[in-house]
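Read the structure below first, then the notes.
The values are calculated or read from the model by the stated rules, or taken from the named source; none is laboratory data. What you see is a predicted model, and the numbers here were worked out from it, not measured in a lab. Virtual Cβ from ideal backbone geometry, glycine too; neighbours counted across all protein chains shown.
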Amino acid sequence: MYVKNIMRKDPITIAPEASYLDARALVRERGVRHLPVIDKNKRIVGLLTDRDIREAGPSNATLLSVQELHYLLGKLKVADFMTPGDKLVTVNPSTMIEKAAQLMHDHKIGCLPVLEGKEVVGIITEADILESFVDVMGLKEKGTRITMALKDEPGKIHGVLTVLKKHEVNLISIVAPSYLVEGKRMVVFRIRTQEYEEIIKELEDLGFEVLSVVKWPSM
């Protein structure tokens, strides 16, 4: 799956010459947390987040009057407190979702502008990544979650799938973390049935180590 499949197209943007008050109002009214900053040529020159707005705002300890605050904040431009374009981490529509997730993780950021050339065509956020994870994992589907410890050898997962095929059970998802525990890999199978007793018995009879079995969604 690619970024273009889950990105939010035509995101809400703001101009670098807009004021602090304009940015704050836009974030509050539209319920967004990230605003790509776009110049008159529709090219991205920065990114503004709700955190940037909070940090640029006045302290609760300020001694300025309301009128003075509004005057000063009206003079403060988005370009003065945005993250500039040369510091942005971006992706394109053909970037794989797992790469986008890795970039967010590695750079500790909550969103990625999606560019075609210099033009913003979308935005992808940590919420979009999480929604994609829920979908890929099949967490919205009713079934059974089986956790197993498999020897890190070729063909072990195939052996489990052979048992599932014999019982005519469809697979929802498989997750196998990269780390090993005592030479074994923890593998989570999600299957599209809650009638699992015979399947588990056959797996164990064949020597497979079943660690846990949970009906999903769990009660």
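Quick one: would you say I157 is modelled with pLDDT of 90 or more, within 30 Å of the chain's Cα centre (by Cα) and part of a helix (DSSP H, G or I)?
yes
When you go through (1) within 27 Å of I97 (Cα to Cα); (2) in contact with a Leu (Cβ under 7 Å, 6 or more places away or on another chain); (3) not basic (K, R) one by one for P177, which number turns out not to apply?
Exception for P177: condition (2).
Considering only segment 21-31, I want to know if a residue exists there that is touching a residue at least 40 places away in the same chain (Cβ under 8 Å) and surrounded by fewer than 14 Cβ atoms within 10 Å (Cβ to Cβ).
No, segment 21-31 contains no residue that is touching a residue at least 40 places away in the same chain (Cβ under 8 Å) and surrounded by fewer than 14 Cβ atoms within 10 Å (Cβ to Cβ).
Considering (1) among the basic types (K, R); (2) in contact with a strand residue (DSSP E or B) (Cβ under 9 Å, 6 or more places away or on another chain); (3) outside any strand (DSSP E or B), say which one R145 fails and leave the rest.
Result: R145 passes all but (3).
Sort through I109, I129 and tell me the only one that's within 17 Å of H34 (Cβ to Cβ), outside any helix (DSSP H, G or I) and in the same structural domain as D22 (by TED's automatic domain parsing).
Criteria check complete, one pass: I109.
Residue by residue through segment 173-197, note down the ones that are in contact with a Ser or Thr (Cβ under 9 Å, 6 or more places away or on another chain) and farther than 17 Å from F208 by Cα.
If the condition is that a residue be in contact with a Ser or Thr (Cβ under 9 Å, 6 or more places away or on another chain) and farther than 17 Å from F208 by Cα, then R192, T193, Q194, E195 are the ones that fit.
Among residues belonging to segment 113-126 that are more than 25 Å from I174 (Cβ to Cβ) and free of Cβ contacts under 8 Å to residues at least 60 places away in the same chain, point out the one that is surrounded by the most Cβ atoms within 10 Å (Cβ to Cβ).
Checked segment 113-126; the qualifying residue surrounded by the most Cβ atoms within 10 Å (Cβ to Cβ) is E116.
Residue-wise test of (1) surrounded by 15 or more Cβ atoms within 10 Å (Cβ to Cβ); (2) modelled with pLDDT of 90 or more; (3) touching a Leu at 6+ places or on another chain (Cβ under 8 Å).
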residue	(1), (2), (3)
Y2	yes, yes, no
G57	yes, no, yes
V66	no, no, no
T90	yes, yes, yes
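How many residues, within segment 132-142, are touching a residue at least 40 places away in the same chain (Cβ under 8 Å) and not in a loop (DSSP other than H, G, I, E, B)?
So the answer is 3.
Every residue, every condition in (1) more than 17 Å from K118 (Cα to Cα); (2) assigned to a loop (DSSP other than H, G, I, E, B); (3) touching a helix residue (DSSP H, G or I) at 6+ places or on another chain (Cβ under 8 Å), yes or no:
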{"position": "N5", "(1), (2), (3)": "yes, no, yes"}
{"position": "I12", "(1), (2), (3)": "no, yes, yes"}
{"position": "P16", "(1), (2), (3)": "no, yes, yes"}
{"position": "A23", "(1), (2), (3)": "yes, no, yes"}
{"position": "V27", "(1), (2), (3)": "yes, no, yes"}
{"position": "V37", "(1), (2), (3)": "no, no, yes"}
{"position": "V45", "(1), (2), (3)": "no, no, yes"}
{"position": "R54", "(1), (2), (3)": "yes, no, no"}
